[in-house]
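*Asks:* Structure provided below as structure tokens; questions to follow.
None of the figures in this text is laboratory data; all of them are computed from the coordinates on show. Given the structure is predicted, the values throughout are model-derived calculations rather than measurements. Glycine gets a Cβ as well: all are built from the backbone with ideal geometry, and neighbour counts include every protein chain shown.
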Ligand code: GLY
């Protein structure tokens with residue numbers, strides 16, 4: 001079978017395999033009732049608002065606020081607060097988020113709600129005897145950055161929500177009170193992190209049983225403290241979180257547990273409105289998220305490189321090889337150049353088509369580049385692929401298009417819950433480079449550009465993206481899964497915008513990921529064997545992975561909103 005036939009075969013096979021995952025558009029009761037079927041992607045009954053998340057409870061809540069007169073912005077804000085209840089391993093108000101929004105009036109905003117290092121942070125804070133101690137940046141007090149999600153979501157809601165902020169927060173508070181059934185994905189993450197959660201009493205009290213064993217899938221979990229925190233935020237707005245009781249409790253916990261974040265750090269936290277990265281691909285205009293994320297930069301850079309090739313006439317295995325090498329060049333640039341632009345200069349030329357042309361000339365379609373000056377043999381590849389985050393896509397026919405990627409970084413972040421609040425705190429400080437050339441939890445290395453500095457934001461891979469055709473929005477998308485976020489978004493955009501697939505078809509294609517360090521090509525197990533062999537023949541060291549990532553998208557097709565949620569997550573939760 002030729003390469004091309006193999007891919008077509010895979011495509012039809014996979015459509016058949018995943019066909020039962022197609023999300024339904026009907027909605028269920030708001031809270032407390034275990035969903036009878038996965039309904040991660042939903043459309044309002046009149047077809048005017050769509051949502052896609054990784055969780056049925058969250059999507060149900062989004063549709064419930066729409067039923068009360070909310071628009072896509074209300075739906076997205078409500079779903080994001082709900083995910084902090086039902087999907088706390090990935091995101092929540094103790095973390096940060098990056099938001100791209102196109103309002104019905106045509107204005108576009110990139111809202112940076114990324115965590116910040118506290119004022120007392122310093123470059124060497126994660127070193128012990130001159131060597132990085134990864135535990136310090138991953139677990140416990142020092143791992144925590146000042147959270148940004150509450151302020152960013154509030155800003156989004158104020159910019160264009162049709163309801164009041166509290167209307168978008170209270171359904172999630174009700175859900176936290178009433179409880180929900182733990183999903184397979186949360187249960188798996190609880191099992192993997194229970195030993196660390198056990199070391200923090202407020203975390204153990206929520207997520208472990210009386211024998212300190214992780215709660216299992218199907219268990220009803222109520223979170224009364226979190227519900228109370230949400231209700232206060234609903235009533236008092238972000239002030240409660242940044243200047244009120246929450247910040248006082250958090251700062252007191254920090255003082256007692258060796259943390260650096262003070263009350264003043266909370267009160268000085270600011271979201272930033274950034275200039276999006278704007279690029280062109282296949283006749284579409286893309287808006288991506290700028291630093292402190294690397295997402296928008298490298299999605300644009302990789303697609304620019306691909307654009308230099310005659311894609312329709314390249315065989316599937318050559319195309320996967322080309323994507324892999326384009327990723328490798330881009331991630332090498334990420335490691336060298338990227339950081340928070342409030343502290344470091346990131347060259348604008350990274351997304352210039354002329355730069356892509358130079359890189360394209362270095363790519364040989366017969367052989368992978370051996371361009372690695374150093375590797376990192378200690379990287380825990382299992383850990384690299386396991387980490388998460390979450391993406392929420394929402395859109396309405398009035399013209400509001402939202403892409404939110406929200407995270408506490410690795411599973412349950414720092415594992416710390418601030419006592420009396422129910423809030424899981426992030427471990428986003430691990431996204432800084434503890435030391436030049438030292439890998440973080442995702443195996444990513446960085447330079448001085450991403451070193452720890454007071455009030456700096458750590459580099460992210462989050463890639464909320466909006467797509468426009470002739471100035472009109474046609475797609476919102478994004479993904480979860482550490483650095484694979486960039487690779488997933490690139491692949492979804494390539495297959496939809498260039499190849500003409502639907503987002504659902506695009507997400508069903510086997511994914512690859514190459515991040516320069518480690519110099520390994522991650523390939524999903526579903527990749528046809530002939531293509532795997534061809535990639536090996538071209539010099540790639542393959543690491544076969546069962547499934548990679550979690551993307552969400554909404555498209556405008558024939559005037560209708562079409563939401564798509566990640567088929568891989570649905571499969572996992574159906575086991
Ligand atoms: N914490 C993962 C990211 O922001 O890329």
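*Asks:* Across the stretch 107-195, what fraction of all alpha-carbon pairs, as a whole percent, falls in each successive 10 Å bin from zero upward?
*Replies:* Each 10 Å bin holds this share of Cα pairs: 12, 25, 32, 24, 7, 0.
*Asks:* Using only the Cα atoms of the stretch 298-368, build the gyration tensor, take square roots of its eigenvalues as a ≥ b ≥ c, and label the shape rounded, prolate or oblate: rounded if a/c is under 1.5, else prolate if a/b is larger than b/c, else oblate.
*Replies:* Taking the square roots of the gyration eigenvalues as a ≥ b ≥ c, the stretch 298-368 is prolate.
*Asks:* Can you report the principal axis dimensions of the stretch 411-512 using only the alpha carbons, biggest first, rounded to whole angstrom?
*Replies:* Principal-axis extents of the stretch 411-512 (Cα, largest first): 46, 38, 30 Å.
*Asks:* On the Cα set of the stretch 127-275, report Rg and Dmax in Å, please.
*Replies:* Just the Cα atoms of the stretch 127-275 yield Rg and Dmax of 17.5, 54 Å.
*Asks:* Going by average Cβ neighbours within 10 Å, how do the peptides 337-349, 447-459 rank, with the highest at the top?
*Replies:* Numbers: 337-349: 17.7, 447-459: 21.1.
The most tightly packed comes first, giving 447-459, 337-349.
*Asks:* If you average 1/r over every pair of different alpha-carbon atoms in the stretch 514-555 and take one over that average, what Kirkwood value in Å do you get?
*Replies:* Details: mean 1/r = 0.0868 Å⁻¹.
Value: 11.5 Å, from the Cα pair sum.
*Asks:* What's the exposure ranking of 405, 492, going from fewest to most Cβ atoms within 10 Å? Write out the running numbers ahead of the final one.
*Replies:* Numbers: 405 31, 492 28.
The order, fewest Cβ neighbours first, is 492, 405.
*Asks:* Obtain the nm distance between the two label points defined at residue 127 and residue 358 by a simple spin-label model: each point lies 7 Å from its Cα along the Cα-to-C-beta direction.
*Replies:* Label at residue 127, label at residue 358, 3.2 nm between them.
*Asks:* Quick check: pseudo-label points 7 Å beyond the Cα along Cα→Cβ at residue 345 and residue 529, how many nm apart are they?
*Replies:* Here the answer is 5.4 nm between the modelled labels.
*Asks:* Along each of the three principal axes of the Cα atoms of the stretch 478-525, give the extent in whole Å, ordering the values from largest to smallest.
*Replies:* Cα spread of the stretch 478-525 along its principal axes, largest to smallest: 32, 21, 16 Å.
*Asks:* Label the stretch 222-343 by shape, choosing from rounded, prolate and oblate, from the square roots a ≥ b ≥ c of the eigenvalues of the Cα gyration tensor; if a/c is under 1.5 it is rounded, and otherwise prolate applies when a/b is larger than b/c, oblate when it is not. Working shown, then result.
*Replies:* Numbers: a/c = 2.89, a/b = 2.59, b/c = 1.12.
It is prolate, given that a/c is not under 1.5 and a/b is the larger ratio.
*Asks:* With equal scatterers on the alpha carbons only and no solvent term, can you work out the Debye log10 of I(q)/I(0) for the chain at 0.07, 0.08 1/Å?
*Replies:* -0.35, -0.47
*Asks:* Looking at the stretch 203-246, what % of the alpha carbon pairs are farther apart than 17 Å?
*Replies:* Values: 450 of 946 pairs.
It works out to 48 percent of all Cα pairs.
*Asks:* Using a 10 Å cut-off on Cβ atoms, rank the peptides 178-185, 304-311, 122-129 from the highest mean neighbour count down.
*Replies:* On the way: 178-185: 19.8, 304-311: 18.2, 122-129: 14.6.
Sorting 178-185, 304-311, 122-129 by mean packing, highest first, produces 178-185, 304-311, 122-129.
*Asks:* Still on this model: With the cut-off at 1.5 for a/c, could you classify the stretch 394-437 from its C-alpha gyration tensor as rounded, prolate or oblate? Provide the component values of the computation, followed by the final result.
*Replies:* Working: a/c = 4.74, a/b = 1.53, b/c = 3.11.
Note, shape of the stretch 394-437 comes out oblate.
*Asks:* Separate question: What's the FRET efficiency of residue 255 with residue 541 using the Cβ-Cβ distance as r and R₀ = 51 Å, to the nearest 0.05?
*Replies:* Values: r = 47 Å, r/R0 = 0.93.
For residue 255 and residue 541, the calculated efficiency is 0.60.
*Asks:* Next up: Quote the FRET efficiency, to the nearest 0.05, computed for residue 209 versus residue 135 with a Förster distance R0 of 25 Å and r equal to the Cβ-Cβ distance. The partial results should precede the final answer.
*Replies:* Numbers: r = 25 Å, r/R0 = 1.01.
It comes to 0.50.
*Asks:* Still on this structure, please answer the following. Kindly rank 532-543, 159-170, 290-301 from highest to lowest mean number of other beta carbons found within 10 Å of each residue. Intermediate values should be presented prior to the final figure.
*Replies:* Details: 532-543: 16.5, 159-170: 20.8, 290-301: 28.7.
Ranked by mean Cβ neighbours within 10 Å, highest first: 290-301, 159-170, 532-543.
*Asks:* Next question, about the same structure. Of all the C-alpha pairs in the stretch 45-171, what % are more than 23 Å from each other? Kindly include the intermediate steps, with their values, before the conclusion.
*Replies:* Working: 3203 of 8001 pairs.
Taking all Cα-Cα pairs of the stretch 45-171, the fraction more than 23 Å apart is 40 percent.
*Asks:* What's the exposure ranking of 80, 199, going from fewest to most Cβ atoms within 10 Å?
*Replies:* Numbers: 80 32, 199 13.
Exposure proxy ranking, most exposed first: 199, 80.
*Asks:* Follow-up. Would you please state which residues of the stretch 68-102 a label at residue 46 would reach in this model, taking the label point 7 Å out along Cα→Cβ and a backbone N cut-off of under 17 Å?
*Replies:* Under cut-off, by backbone N: 68-75.
*Asks:* While we're here: Stick to the Cα atoms of the stretch 210-272, pair each with every other, and give me the Kirkwood hydrodynamic radius in Å at one decimal. Provide the component values of the computation, followed by the final result.
*Replies:* Numbers: mean 1/r = 0.0723 Å⁻¹.
Value: 13.8 Å, from the Cα pair sum.
*Asks:* Roughly how many nanometres apart are two label points built 7 Å out from the Cα toward the Cβ at residue 216 and residue 166?
*Replies:* 4.2
*Asks:* Evaluate the Kirkwood expression for the hydrodynamic radius of the stretch 434-568, namely the inverse of the mean inverse distance over all pairs of different C-alpha atoms, and round to one decimal in Å.
*Replies:* Values: mean 1/r = 0.0602 Å⁻¹.
Taking the inverse mean of 1/r over all distinct Cα pairs, the stretch 434-568 comes out at 16.6 Å.
*Asks:* So what's the gap between the Cα centers of the stretch 257-322 and the stretch 449-499, to the nearest angstrom?
*Replies:* Here the two parts' Cα centres lie 4 Å apart.
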